[in-house]
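Peer 1: Below: one structure in structure tokens.
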């Protein structure tokens, strides 16, 4: 027969594991270290395994502790969502939906969705949205522990994302890459697309590490090694450098919808390179206010993205 786990002791263990010491966890929970240590010891005795080893610098998790921590985080997230779901039945304040999204989606998708929700409903009935800007790599942890309800994320074509399998995934569209050059180089309307190899001898500015790797793969496919002089994940900086003819760059089209410098000219790429945008929510998420936000996000995305591919 499997050992029973005391939820209070499990959450005590989670606090110690995540804070790295009994002292830090005790301060967070408002307990004494002795009481906290007793909770974790009782949990270890019940399971018949050692979960943490105490060192002069804090605690280290054993293999059993690492495995149990993953479950503790999931359980904590379920408890948080359960409390919010029940509270939503009796209080308007609990109708708040916490959304996390990457920067360009915040301005081009989430903000319009928030406006749509307010416009289509009595503001007293419409769910409130709390928005936090966050890159996709940090999203799964936020969803697992119940710190976020809805997430907008992206992945490059062919990229594996096994960490998303624990969630419901909703494709919302395709965000193609665009080549941007200074308007100073442009004469007349010209073609709508270009190959990157046409700028093989130019200086380039690249984005975040994953964006840089994607760009390098495309450049390799087109047969050249780019001269990357600058690197920044701020698309306003990228466009400023390009507008002043200090470099050329490749950016997602969504970033140009969020902010478009008048001094840049954008071209589609000859091949369909880009990123797939998704919404992630917990598989057991049933709160109507969360589903209303997801629906509004889908509508807003459909206005600015290509259909999902």
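Just so it is clear, none of the values below were taken in a lab; they were calculated from the coordinates. A quick note: this is a predicted structure, and the numbers were derived from the prediction, not measured. Backbone-built Cβ (ideal geometry, glycine too); neighbour counts: all protein chains shown.
Peer 1: Taking only Cα atoms, what is the 0 to 90° angle, nearest 10, from helix 288-304's long axis to the longest principal axis of the chain?
Peer 2: Compared with the principal axis, the helix lies near 10 degrees.
Peer 1: Within 10 Å, count the other beta carbons around each residue, average over each peptide in 208-215, 19-26, and list them highest first. If you can, show how the numbers build up before the last one.
Peer 2: Numbers: 208-215: 16.5, 19-26: 18.0.
Put in order of decreasing packing, that is 19-26, 208-215.
Peer 1: What order do you get for 289, 163 when you list them from fewest to most C-beta neighbours inside 10 Å?
Peer 2: Working: 289 21, 163 15.
Ordered from fewest to most neighbouring Cβ atoms within 10 Å, 289, 163 come out as 163, 289.
Peer 1: Relative to a virtual label point 7 Å from the Cα of residue 63 in the Cα→beta-carbon direction, which members of the range 1-36 show backbone nitrogen distances below 14 Å?
Peer 2: Label zone hits: none.
Peer 1: I would also like to ask the following. Compute the convex hull volume of the Cα atoms of the chain, divide it by the residue count, and report the result per residue in Å³ as a whole number. List each step's numbers first, then the result.
Peer 2: On the way: hull volume 56.5 nm³, N = 309.
Taking the convex hull of the Cα positions in the chain, it is 183 Å³ per residue.
Peer 1: With all pairs of different alpha carbon atoms counted, what Kirkwood hydrodynamic radius in Å does the range 7-87 show?
Peer 2: 12.9
Peer 1: Calculate how steeply helix 33-47 sits against the longest principal axis of the alpha-carbon atoms of the chain, using the helix alpha-carbon long axis, and give the answer as 0 to 90 degrees to the nearest 10.
Peer 2: Taking Cα atoms only, the helix is inclined about 90 degrees.
Peer 1: Give the order of 41, 182 when sorted by the count of other beta carbons within 10 angstrom, beginning with the fewest.
Peer 2: Going from least to most buried by this count: 41, 182.
Peer 1: Note the full-extension length gain between residue 213 and residue 284 as 0.36 nm times their separation in residues minus their Cα-Cα distance, in nm to one decimal. Provide the component values of the computation, followed by the final result.
Peer 2: On the way: separation 71, 0.36 × 71 = 25.56 nm, distance 3.50 nm.
Fully extending the segment from residue 213 to residue 284 adds 22.1 nm.
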